[in-house]
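Peer 1: Could you have a look at this structure, given as structure tokens, before my questions?
The values are calculated or read from the model by the stated rules, or taken from the named source; none is laboratory data. Source: prediction; values computed, not measured. Here Cβ is always computed from backbone atoms with ideal geometry, including for glycine, and neighbour counts include all displayed protein chains. To get the accessible areas, we keep the full protein, side chains included, count just its heavy atoms, and leave off ligands, DNA and RNA. Shrake-Rupley method; radii C 1.70, N 1.55, O 1.52, S 1.80 Å.
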Amino acid sequence: MFGFVRPLRGELKVREWERFQSVYCGLCHTIRSRYGLLQTVLHSYDCTYLALVLCALEEDGKSCKKRCIMHPFRRRTCAAESDGMRRAAAVSVILAWHKLEDTAHDERGFKRFGARTLQFLLRRGYRKAARDLPDFDACTRVCLDELEQLERQKVASLARPADAFARILRAAVAEYSTDSRVLEEMFYHTGRWIYLIDACDDVAQDFASGSYNPVILRWRLTQPSIEPVKEDMNHTLLQSLAASYHAYVLLRPYRDAGIIENILCQGLPEVTRQVLNGTFTNYGGKNRHGSL
Amino acid sequence: MDPYKVLGVSPSASDDEVKRAYRDLARKYHPDNYVDNPLADLAKEKMQEINDAYDVIMKQRQNGGASSNGQGHNHQGGYSGSYGGYSGTNASIYNQVRNAINVGNIGMAEELLSRISQRDAEWHYLRSAVCYRKGWFDEAMQEINQACTMAPNNMEYRRMQNMLSNNSAYGGYRPMQQNDALDCCTQMLCLNCLCNCCGGGF
């Protein structure tokens, strides 16, 4: 589910790309120091984006040099721990836990066992994160339950399940700062986009397995391809991105506006295009999409 | 606040640079981009700030004797997202719904709509407006299509349908392009138009 939010690397300046990497590393370090090393294996781009936006709203953005397991020899530049980083770290840990919960619930056999084992190992970090952000944890639980119910009822709507998911991201930035109203709107629409793009990406797979997929049901697709409804999906996805962008421009970021605008105006439309074309690959094509 | 900071230009910028910065920002925060948007009030404030900053700079420069070719800029503050009149069986309750939408109380509008069992074109239209406000764009589209099928001659519904279905739905957002820069050709065209207007027929 996680990892669609990324910049279009070719359009970034070199220093912007380095800054994006340093936020990624900074978030990873924050997660490790607060919730334990193991939590960092589930670290996603989507939370990096959250950290990037929240840190851009802080007046002083310091960075430091640190070593880590992935880079043991040369110290790398990392964005320093701050309120925004800590928020994004807790959100990341809580989301990862609920994702595992979801996997353990839906899958059978080996996958379920794996998810349960991982959950067992991650439980202490999760409990600490849930103590740090109790409202977000509760909201995530409620929204995911609602989502599961909608899935069970096989609701043929894009908006309703997407809304349940988007409210999770809205809660991730709720009561964060004076700009919360704008941030909530911005991340609500990002969340809607993430849910729908994920559904589009899964069409072929869900068609084969018969799993719930709002895109298949909404358009009554009779073949495992998104081709016939490409235009319509593109339209509704871009509308969400436009709404997110229009919220974003009302913020006053101290830095990193170039990166955030790249993500909103180029990275996400590019991912949209690739998913709808069927050229998007989450793991195999890593480097082609400008991921780390 | 420093008006130059608001427009994001340095105090030594030329009049044209100031004007261009103003125009770019005005396009970004234009009320048209925030029709039926819950953040419309903030965008309006921002627009006001930009207009004020531009006025202050231009006034300063005129008084200081700096060259200014006096082209007016239009204040586009008039956000009107109000829904018009309707007369039918549920007229009074629909009016309440419209009021609720106009003041931004979407929860109440939704609640009122859900109580109506007889669903005519107006119901679907208002439901579309509610969905749009919430960012449920696909559902908004379905509802407005339904309203237009039921009442094909209603101009208000058609307008909404057009607004939702074509690219103007993205407002100032241009995916896959640099959002801030107008390309050279467009700019020349704009300048050309302005010259024609002011100079009077070359």
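Peer 1: Among the residues of segment A:18-57, how many are surrounded by fewer than 17 Cβ atoms within 10 Å (Cβ to Cβ) and in contact (Cβ under 8 Å) with a residue 24 or more places away in the chain? Show your work before the answer.
Peer 2: First, pick out the residues of segment A:18-57 that are surrounded by fewer than 17 Cβ atoms within 10 Å (Cβ to Cβ): A:18, A:21, A:33, A:36-38, A:41.
Cutting the leftovers down to in contact (Cβ under 8 Å) with a residue 24 or more places away in the chain gives us A:18, A:21, A:33, A:36-38.
The qualifying residues number 6.
Peer 1: For segment A:143-168, which positions are open to solvent by 20 Å² or more (accessible area, probe 1.4 Å), within 16 Å of the chain's Cα centre (by Cα) and in contact (Cβ under 8 Å) with a residue 40 or more places away in the chain?
Peer 2: Passing the criteria: only A:L144.
Peer 1: Additional query: Give all pairs with beta carbons closer than 8 Å in which a residue from segment A:200-215 that is under 15 Å from A:L158 (Cα atoms) and of a type in the set (D, E) meets a residue that is open to solvent by less than 60 Å² (accessible area, probe 1.4 Å) and part of a helix (DSSP H, G or I); count only pairs at least 6 apart in sequence or on separate chains.
Peer 2: A:D201/A:V275
Peer 1: Please go through segment B:2-33 and pick out each residue that is of a type in the set (A, V, I, L, M, F, W, C) and more than 11 Å from every other protein chain (Cβ to nearest Cβ). Give the derivation first.
Peer 2: First pass over segment B:2-33, keeping only residues of a type in the set (A, V, I, L, M, F, W, C): B:6-7, B:9, B:13, B:18, B:21, B:25-26.
Correct list: B:L7, B:V9, B:A13, B:V18, B:A21, B:A26.
Peer 1: Same structure again: Given the options A:D201, A:D256, A:D232, A:D206, name the one that is open to solvent by 10 Å² or more (accessible area, probe 1.4 Å), in contact with a helix residue (DSSP H, G or I) (Cβ under 9 Å, 6 or more places away or on another chain) and facing another protein chain (nearest Cβ under 9 Å).
Peer 2: A:D232
Peer 1: Of the residues that sit in segment B:157-174 and are open to solvent by 80 Å² or more (accessible area, probe 1.4 Å) and within 18 Å of B:W136 (Cα to Cα), which one is modelled with the lowest pLDDT?
Peer 2: By that ranking, first place goes to B:N167.
Peer 1: Follow-up question, since we're still on this one. Cβ-Cβ below 8 Å, separation at least six or inter-chain, first residue in segment A:68-79 and under 14 Å from A:I31 (Cα atoms), second assigned to a strand (DSSP E or B): which pairs?
Peer 2: Within 8 Å, the pairs are A:C68/A:R76; A:C78/A:S63; A:C78/A:C64; A:C78/A:K65; A:C78/A:K66; A:A79/A:S63.
Peer 1: Check A:L251, A:L221 and return the single one that is more than 12 Å from every other protein chain (Cβ to nearest Cβ) and part of a loop (DSSP other than H, G, I, E, B). Quick ask: steps written out before the conclusion?
Peer 2: Values: A:L251 fails: more than 12 Å from every other protein chain (Cβ to nearest Cβ).
That would be A:L221, the only listed residue that is more than 12 Å from every other protein chain (Cβ to nearest Cβ) and part of a loop (DSSP other than H, G, I, E, B).
Peer 1: Scan segment B:1-49 for residues that are among the hydrophobic types (A, V, I, L, M, F, W, C), open to solvent by less than 50 Å² (accessible area, probe 1.4 Å) and over 30 Å from B:I101 (Cβ atoms) and report the count. Show your work before the answer.
Peer 2: Step one: list which residues in segment B:1-49 are among the hydrophobic types (A, V, I, L, M, F, W, C), which gives B:1, B:6-7, B:9, B:13, B:18, B:21, B:25-26, B:35, B:39-40, B:42-43, B:47.
This time we only want the ones that are open to solvent by less than 50 Å² (accessible area, probe 1.4 Å), so: B:6-7, B:9, B:13, B:18, B:21, B:25-26, B:35, B:39-40, B:42-43, B:47.
Filter once more, keeping what is over 30 Å from B:I101 (Cβ atoms): B:6-7, B:9, B:13, B:18, B:21.
Of the residues in that region, 6 qualify.
Peer 1: Starting from residues that are among the charged types (D, E, K, R) and surrounded by fewer than 24 Cβ atoms within 10 Å (Cβ to Cβ), keep the ones in segment A:171-198 and report whichever is farthest from A:S240 (Cα to Cα).
Peer 2: Our first condition is that a residue be among the charged types (D, E, K, R); within segment A:171-198, this holds for A:175, A:179, A:181, A:184-185, A:192, A:198.
Checking the rest, the ones that are also surrounded by fewer than 24 Cβ atoms within 10 Å (Cβ to Cβ) come to A:175, A:179, A:181, A:184-185, A:198.
Details: A:E175: 22, A:D179: 20, A:R181: 17, A:E184: 13, A:E185: 10, A:D198: 14 Å.
So, considering only residues that are among the charged types (D, E, K, R) and surrounded by fewer than 24 Cβ atoms within 10 Å (Cβ to Cβ), the one farthest from A:S240 (Cα to Cα) is A:E175.
Peer 1: Right, another one. Exactly one of (1) polar (S, T, N, Q); (2) under 12 Å from the mean Cα position of the chain (by Cα); (3) more than 23 Å from A:R127 (Cβ to Cβ) is unmet by A:S44. Its number?
Peer 2: So the condition that A:S44 fails would be (3).
Peer 1: List the number of the failed condition for A:A156; all other conditions in (1) over 30 Å from A:Y248 (Cβ atoms); (2) more than 14 Å from chain B (Cβ to nearest Cβ) hold.
Peer 2: Just one mismatch for A:A156, condition (2).
Peer 1: Identify all residues within segment A:209-229 that are open to solvent by less than 30 Å² (accessible area, probe 1.4 Å), touching a Lys or Arg at 6+ places or on another chain (Cβ under 9 Å) and aliphatic (A, V, I, L, M); write none if there are none.
Peer 2: Narrowing segment A:209-229 to residues open to solvent by less than 30 Å² (accessible area, probe 1.4 Å): A:213-216, A:221, A:226, A:229.
Remaining after also requiring touching a Lys or Arg at 6+ places or on another chain (Cβ under 9 Å): A:214, A:229.
Passing the criteria: only A:V229.
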